[in-house]
Amino acid sequence: MPLSMYQASIPVFVKQLGNLAAILRKAEEHAAAKKIEPEVFINARLAPDMFPLSRQVQIATDGAKGCAARLAGVEIPSYPDTEKTFAELQARIAKTIEFVKSFDAKQIDGTEEKKVTLKLRGQDTTFIGQPYLLDFVLPNLYFHVTTTYAILRHNGVEIGKRDFLGLS
């Protein structure tokens, strides 16, 4: 049986966002144990021209909820991008997981050829459903989850590949 659009999207979003929540919990525990202000991690970045950890999480959640909504043809919920604490980031992730889990296969399957238009850097960009998911959304999701992981690891949080993969 071929892999469906639903199988390639919703369960992946749920898994990756769950893994993201888990590494953020470890970061919060690490900050408490080492008496580090949580804002140090929330505002950390790998390079001066990169977004901080908080924005990495916001973009990861935006990508998952946006993709699910666009493929299903429903309105995308708007989040204000104001998270400044671990609790607020966790709430955003939980809200996103709840949203993407609200879709069933009937809403997502069959969207392989659906036209999806996004405004990227002020310019309309049109994708076709399957390449949108496989070549744009999933790589972006993995990039921002990986970058969050790398920021935390770089700052001494004891996480490893098993945490990233959700195997710990």
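Given the criteria touching a residue at least 24 places away in the same chain (Cβ under 8 Å), open to solvent by less than 60 Å² (accessible area, probe 1.4 Å) and more than 17 Å from Ser9 (Cβ to Cβ), does Leu89 qualify?
Yes.
In segment 119-137, which residue that is of a type in the set (A, V, I, L, M, F, W, C) and out of contact with any helix residue (DSSP H, G or I) (no Cβ under 8 Å at 6 or more places or on another chain) is nearest to Pro11 (Cα to Cα)?
Top of the filtered list is Phe136.
Considering only residues that are basic (Lys, Arg) and open to solvent by 60 Å² or more (accessible area, probe 1.4 Å), look in segment 60-85 and name the one that is farthest from Ser9 (Cα to Cα).
Here the answer is Lys84.
Right, Arg55: under 17 Å from the mean Cα position of the chain (by Cα), over 12 Å from Gln90 (Cα atoms) and of a type in the set (D, E, K, R) or not?
In short, yes.
Can you tell me which residue among Ala27, Ala44 is assigned to a helix (DSSP H, G or I) and more than 25 Å from Gln7 (Cα to Cα)?
Ala27
Can you say whether Lys101 is farther than 18 Å from Ala8 by Cβ, of a type outside the set (Asp, Glu) and open to solvent by 60 Å² or more (accessible area, probe 1.4 Å), as far as the supplied structure shows? Talk me through it step by step, then tell me what you get.
Working: farther than 18 Å from Ala8 by Cβ: no; of a type outside the set (Asp, Glu): yes; open to solvent by 60 Å² or more (accessible area, probe 1.4 Å): yes.
Criteria not met by Lys101.
Can you tell me which condition Leu165 does not meet? The list is (1) of a type in the set (A, V, I, L, M); (2) open to solvent by 40 Å² or more (accessible area, probe 1.4 Å); (3) touching a residue at least 60 places away in the same chain (Cβ under 8 Å); (4) closer than 24 Å to Pro48 by Cβ, and all the others hold.
Condition (4) is where Leu165 drops out.
The values are calculated or read from the model by the stated rules, or taken from the named source; none is laboratory data. Everything numeric here is computed off the predicted structure, so don't read it as measured data. Here Cβ is always computed from backbone atoms with ideal geometry, including for glycine, and neighbour counts include all displayed protein chains. Each accessible area value is taken on the protein alone, full model and side chains, heavy atoms only, with ligands, DNA and RNA left out. Shrake-Rupley method; radii C 1.70, N 1.55, O 1.52, S 1.80 Å.
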